[in-house]
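Below is one structure, written out as structure tokens; comments come after it.
The values are calculated or read from the model by the stated rules, or taken from the named source; none is laboratory data. This one's a predicted model, so the numbers in the text were calculated from it and none came from an experiment. Here the Cβ is made from the backbone with ideal geometry for all residues, glycine too, and neighbour counts use every protein chain on show. Keep in mind that these areas ignore ligands, DNA and RNA; they rest on the heavy atoms of the full protein, side chains included. Shrake-Rupley method; radii C 1.70, N 1.55, O 1.52, S 1.80 Å.
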Amino acid sequence: MANYLVTGVAGFIGSHVAERLIKRGNSVRGVDCFTNYYARSLKEKNLSELLESPRFVLDELDLSSADLGSVLEEVDAVCHLAAQAGVRASWGRSFETYIDCNIAATQRLLEACKGRSLARFVYASSSSVYGETDDLPMRERGATCPVSPYGVTKLAAEHLAVLYHRNYGLPTVSLRFFTVYGPRQRPDMAFNKFISATLSGRPVEIYGDGKQTRDFTFVDDIVDGVVRALENGPPGEVFNLGGGSRVTLNEAIDTLERVMGMKINRQYETPQKGDVSNTLADNSKAQNELGFAPSVGLEEGLAREFEWLKSL
Ligand code: UGA
């Protein structure tokens, strides 16, 4: 029975990953520092099911300052999901937080893992490392040229993961997530904002003309990819994890209108700095080497996110 360390366990993806590991019969030590990026009450809700399990332990601590040696005791594998998320918020003074949470904390954790006999160290990277490109679908071997400060920090930590593999044999695997959605999605992300605004009779703000495209990935599919990487991801490698198709934001909102059975009041605003025009994952490497096969389509996934938001 493996014992996993999951960082960022109170977050959107972290809480889902930990639940899947517990359901498989594993033990999870979850850490989170409950940053104030969004309400603590939402993160506590994310944890409610986990806290009922005797195989789950929660440690409230900050990776930038905690004694990581004791955190890693008896841990077999690490799933590092803790981060300062958010593409558009990463400009200006807040960049310091991105450096601390995404680069410095990751380096500190990698240092602490050095020399331990870990089965895997899985790091959550992002499609934002690719930046603006016409070369679609995005392939792991393609150019990385982020257009947001956030993307710069996610790419820097990806490089660190590779360095710790090459120099210290740490079995790191980096996963580039493509715009994840579903129950527990962060409140700053598009679908959460659109559903919440529409339910309370407000218009939604669309950045730009809505013709930007995204490869939206349902959270259960991401969890599946993460668990596969924890089990048998080839050390030192980087993988895309995407839904495998892309839609324009306007099309996604049409789908959301059908799912909600409500008209969405669209208000078009200026484009935001740091946003890329298009994303689309080439999943073939993850498919061939991890057995990754996303299965939840946009309509079904949006229906599940809608049900969750209504239940809150
Ligand atoms: C998301 C996550 O927030 C990042 O943490 C993650 O690393 C990234 O995916 C990724 O895949 O790399 P993003 O694609 O911007 O970033 O996800 P959303 O916030 O859901 O935005 C999707 C699209 O909707 C973007 O084009 C954005 O500009 C647009 N949007 C968002 C709006 O038009 N209005 C809003 O109020 C919010």
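Figures for the structure shown
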| read-out | value |
| --- | --- |
| Cα long-axis angle, helix 149-168 against the chain (0 to 90 degrees, to the nearest 10) | 20 degrees |
| Within the range 204-242, trypsin sites (Lys or Arg not before Pro) in DSSP loop having at most 13 other beta-carbon neighbours inside 10 Å | K211 |
| Solvent-accessible surface ranking, highest first, for D209, D59 at 1.4 angstrom | D209, D59 |
| Cα-centred dipole magnitude for the chain, charges only on beta-carbon of K, R (+1) and D, E (-1), debye, nearest 20 | 140 debye |
| Ranked order, S27, S277 - accessible area, probe 1.4 Å, largest first | S277, S27 |
| Chain lengthening between A2 and K114 when straightened (0.36 nm per residue, less Cα-Cα) | 38.4 nm |
| Spin-label model distance (nm) - Y207 vs E44, 7 Å beyond Cα toward Cβ | 3.1 nm |
| Pairwise centroid distance, computed over Cα atoms, of the range 29-49 with the range 248-268, Å | 29 Å |
| Extreme residue, positive dipole direction of the chain, given options I206, G244, S277 (C-beta unit charges) | I206 |
| Theoretical FRET efficiency, 1/(1+(r/R0)^6), r = Cβ-Cβ of Q287 and D135, R0 25 Å, to 0.05 | 0.80 |
| Cα gyration tensor category, rounded, prolate or oblate, for the chain with a/c compared to 1.5 | prolate |
| Among the listed pairs K43/K193; K45/K154; K45/K263; K114/K285, those beyond 19 Å (Cα-Cα) | K45/K154; K45/K263; K114/K285 |
